[in-house]
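Below: one structure, written as structure tokens.
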Amino acid sequence: MATVLDRDTLRAIAEQALDEWDIPAVQLELISISENTVFRVDTDADETYVLRIHRPGYHNARGTELRAAVDSCVETGRHRCAVTPTYP
């Protein structure tokens, strides 16, 4: 069964991920909560990111495929992206 996290916990996870990537967010806006949680991130350098938090236990096989695809992007240097677990 998938773990359901409250909004405060999700925001804390998003803030931790931004800290780990050294992305200085001036605004963190919750866009949606469903299978995953999505935040819009605006920085003081006029950059905009989308931060997606995977819900633990939900479609694990698909998550593994996504992780492989994103890791491939990182290895080729095409995007600044990676899957980084921030909770057990």
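Being assigned to a loop (DSSP other than H, G, I, E, B) and aliphatic (A, V, I, L, M) is the filter here, so list the residues in segment 20-42 that pass it. If the condition is that a residue be assigned to a loop (DSSP other than H, G, I, E, B) and aliphatic (A, V, I, L, M), then I23 is the only one that fits. Condition check for T86 on (1) polar (S, T, N, Q); (2) surrounded by 12 or more Cβ atoms within 10 Å (Cβ to Cβ); (3) modelled with pLDDT of 90 or more: one failure, at (3). None of A45, A17 is among the small types (G, A, S) and either surrounded by 14 or more Cβ atoms within 10 Å (Cβ to Cβ) or part of a strand (DSSP E or B) (or both) except A17.
The values are calculated or read from the model by the stated rules, or taken from the named source; none is laboratory data. Since this is a predicted model, take the numbers as computed values, not measurements. With ideal geometry, Cβ positions are generated from the backbone for all residues, glycine too; neighbour counts draw on all protein chains shown.
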